[in-house]
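First, the structure itself, so that you have it in front of you.
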Amino acid sequence: MLLTGRAHKAISQWLPNEIITEIVQAAPRSDQASLCRVSKLFRDLCRPILYRVVDLEANASVADFGDTVLSNAALAGSVRSYSVDYPRADISDDALERLCLILVDSTKALVRLEALSINYMLFIYTQLQTLLRWTFPHLVRCSLGTMDSDWRDTEQQDMLASFLIRHPGLENLRIPTCLYAPGRSSPSVRIPLLRLQQLECPSKILPSIVAPRMKRVKLYWDAFDDDLDVGEIENTFVALKAMIPSDVPFICSNDNCTENLSTVVDSLSRNLPHTRTLQLYLYNCPLWDWVISNLKDCLPRFMGLAFLSVHCSWVELSTREEEEGINVLSDACPTLEACRLHQCAWRKVDGMWEMYPLTDFDALAGLESWAL
């Protein structure tokens, strides 16, 4: 999009700023950036739009962004979504520590922030952990975490719980597994998140959360936790049952549940038989026949399971094994409409199973990436 000086003067003369802003918002981001250079008027109108969604890597761009928003409160107030990823290029620990200091100060300046996502690997730096003590009044979507540190268990739990309690408007929350070390108990306080609809967290945290409107949950199970038993798994799904309205097409994902596969699926099927989508991530598990056998015994209790996705990190299946697995699972759960086994997807058409594009399966099953 190129405008001559005469053209942009005519546009600004005959169209109110509100209309120009609407037009700019509909333009591609590359064109928005070009429009910033057309004139002072267009720069003033475009920059707040460009700053609504900011995606950065933890490199020099974080420092540049920090300098800008710390010196311009209006632009800082324009940011609604802020995402910082771990740097893909080599960067020294000292440089990352300095960037984390800037990241903390600049993030605190984003007074209208609605979505915040910071790569959990950055939380190894203690400077960044202080963000868990901050409050973002308008926050509705959040992805955060911290690497294991020298913190005492209770201090880490209290900091996490306190952050969540101060953000009751959260609708989408991710807490990476590394925030919780193996064997730690759940926070003792109750955390009311009454608007929460999507949650990704270690299984131990879930019983502490009060959220009656949940639609989608991803649980991380700790295969190395010797204290994890049948009772704890059951308590997790009993707590989850209270969060899911019976008329919601619930989506449940379970990560690292190999050691407790049958117990997890069995408890889910008894407490939430109306689950519509079930996703399982399995690592270092035994033979494929073992997986199918465990699922075959548990699936019949689901009343309306339509989509099943099983990811195995180790397995390479032949076409025959895939077809046999699909037939066994379909007999155990006749309500299945589509199924993914490792790297292949299938869909039932007129009562017959047919190969289905893997790229389309997640959309069909409601498993698209959770957009912050």
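Conditions tested, residue by residue: (1) in a loop (DSSP other than H, G, I, E, B); (2) more than 21 Å from Met303 (Cβ to Cβ); (3) touching a Pro at 6+ places or on another chain (Cβ under 9 Å).
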position	(1), (2), (3)
Met214	yes, no, yes
Ile233	no, no, no
Thr236	no, no, yes
Ile244	yes, no, yes
Val264	no, no, no
Ser267	no, no, no
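Do you know which of the residues in segment 311-332 that are under 20 Å from Lys348 (Cβ atoms) and among the hydrophobic types (A, V, I, L, M, F, W, C) is surrounded by the most Cβ atoms within 10 Å (Cβ to Cβ)?
By that ranking, first place goes to Leu329.
Check every one of the strands (runs of 3 or more DSSP E) wholly within segment 273-372 and list those with 2 or more residues that are outside the structural domain of Leu139 (by TED's automatic domain parsing) and touching a residue at least 24 places away in the same chain (Cβ under 8 Å).
277-282, 307-312, 338-341, 344-349
For segment 70-79, state whether one or more residues are touching a strand residue (DSSP E or B) at 6+ places or on another chain (Cβ under 7 Å) and assigned by TED's automatic domain parsing to the domain that holds Leu170.
yes
Can I ask one more? How many residues, within segment 327-366, are under 30 Å from Ile175 (Cβ atoms) and modelled with pLDDT under 90?
Number of matching residues: 5.
Sticking with this structure for a sec: What is the residue count in segment 81-132 for residues that are of a type in the set (Ser, Thr, Tyr), outside any loop (DSSP other than H, G, I, E, B) and modelled with pLDDT under 90?
3
Related question: Can Ile251 be described as modelled with pLDDT of 95 or more and of a type outside the set (Phe, Trp, Tyr)?
Considered against the rule, which asks whether it is modelled with pLDDT of 95 or more and of a type outside the set (Phe, Trp, Tyr), Ile251 comes out as yes.
The values are calculated or read from the model by the stated rules, or taken from the named source; none is laboratory data. All figures in this text were calculated on a predicted structure; none of them were measured in a lab. Please note: Cβ atoms are built from the backbone with ideal geometry, for glycine as well, and neighbour counts cover all protein chains shown.
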